[in-house]
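The block underneath contains the structure these notes are about, expressed in structure tokens.
Rule-based calculations on the coordinates, nothing more; no lab input. Small disclaimer: the values here were computed from a predicted structure and weren't measured. Glycine gets a Cβ as well: all are built from the backbone with ideal geometry, and neighbour counts include every protein chain shown.
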Amino acid sequence: MHKYRLHFDQSTHMLVPAAMIQVKNKIAKQKSKLKNLSTSLFNSKSLVLSQTTPYEIIAEYKQTRVRYYASPDKQFKEPLVFVAPLAINMAIYDLYPYRSLVKHFQNSGFDVYLVEWGQYNYKDRFLNFMSFIDDAIPHCIEQIRQHSNSDEISLHGWSMSGVFVMLYCALHKPNQVKNLIVLGSPVDSHASGRTGKLFQKANQLIAKNKALQNKIYSETLPKSLIHTPGLLNAFGFKIIDPLGWIQSQKQLLLNLDNPEILYEHATMGHFLNRMIDYPGGINQDMIFNVWLQNPLKNGVIQLQDKNIELKNIECSLLVGAGRSDQIVSEDAVKPLIELTNSQDVTFTLIPGGHLGLMSSRASANEFWPFMTTWLKHRSSRI
């Protein structure tokens, strides 16, 4: 019978039964899995692959820095400028050496700039939307224009930074923004699935108590009460999509012998576990204004003494939503295409959830080439 066949064992240089070889291989495989599990639990940092693409810091403003990723074969005059959301670290833009958004556009012929906000803490609790759309972003864009020797740029915002870039363009009506890309950003926030319904219901309840409504919406809440530390932001990000987080842990446990899954799980975990503080003023504007009151549904938002209207956006516009985004759904994102005065508007669905639309293999294979083609057709060849 086959189980009694003899096979040469390389480790002992002896002839042994085939069944013994199989048992030995299974034991070795289990040992390897246990070792990988131990590394994943206790030394996951050694598995992290993110942020390996070289860059240069070309400008600094307060805590903000501007990274420059030069294209090895520049083909287009206008650089692509990524504006990062708050709370996250910059790893999402350069997540893996083999799947990096900045490297993809570098290799597609674009010089790339990334605006990173640095580390915020309690002393920054008074920062709000205007601190970014009327101060930091205009300053950084001017520095980028000078460094790139290009009067015009293409601007990219995802999640909260998508709100930043659309409001920056609506407020300043900048001629220098040739192309605007907004991904996974709430415009009709109450239309965003269960999350949107929760905010809509909360807003209705608040409206029944005028004293409470005035307290919350008049910006008199102490910013110290609504400032959220990075650890809390990381936890909140996970519980918004608990099934997704559980599924990722399950996938790891079922594939401990798969190096790619091991490295990618550690890299994404490193990203999710190192989120940055949300200043209290930002929470005031994002949660109590954008999400609760939902003014952008009507194309306008009041920030301090400024009335900002989305109809002021006139540049080419690409709007995208994640097909399975549990945070900002298609219905919450898509209304933007009807609220601007752009004569060149494109809407598309992107494979993945709120993170996946930026970093998943499916997005890299399907959406990144689409976005690149869209941008190439609207950029000036050198």
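Quick notes on this structure:
- For segment 366-381, backbone phi angles converted through the Karplus equation (6.51, -1.76, 1.60; θ = phi - 60°) give residue-by-residue couplings of 9, 7, 4, x, 4, 5, 5, 4, 4, 6, 4, 5, 10, 10, 8, 6 Hz, Gly and Pro being listed as x.
- Too-long pairs where the Cα-Cα distance tops 26 Å, listed order kept, from 306/376; 215/297; 334/376; 173/334: 306/376
- Sequence-separation-based contact order of segment 56-376, relative, with Cα cut under 8 Å and 6+ spacing, percent: 22 percent
- Added length on full extension, which subtracts the Cα-Cα distance from 0.36 nm per residue, residue 366 to residue 198: 57.3 nm
- A Förster distance of 35 Å, applied to the separation of the beta-carbon atoms of residue 214 and residue 341, puts the FRET efficiency at 0.55.
- With both labels modelled 7 Å from their Cα along Cα-to-Cβ, the residue 63 to residue 173 distance reads 3.3 nm.
- Under conditions of 20 °C and 1.002 mPa s, segment 103-169 yields 159 µm² s⁻¹ as its translational diffusion coefficient, taking Rh as the Kirkwood radius over Cα pairs in the Stokes-Einstein equation.
- The label point for residue 376 and the one for residue 309, both projected 7 Å from the Cα toward the Cβ, are 3.8 nm apart.
- Residues in segment 158-172 carry Karplus couplings, in order, of 10, 6, 4, 6, x, 5, 4, 6, 5, 6, 4, 5, 5, 6, 9 Hz; the curve used is 6.51 cos²θ - 1.76 cosθ + 1.60 with θ = phi - 60°, and Gly or Pro positions show x.
- Computed from the C-beta positions of residue 224 and residue 73, the FRET efficiency with R₀ = 45 Å rounds to 0.35.
- Based on the convex hull around the alpha carbon atoms, segment 56-376 presents an average projected area of 15.7 nm².
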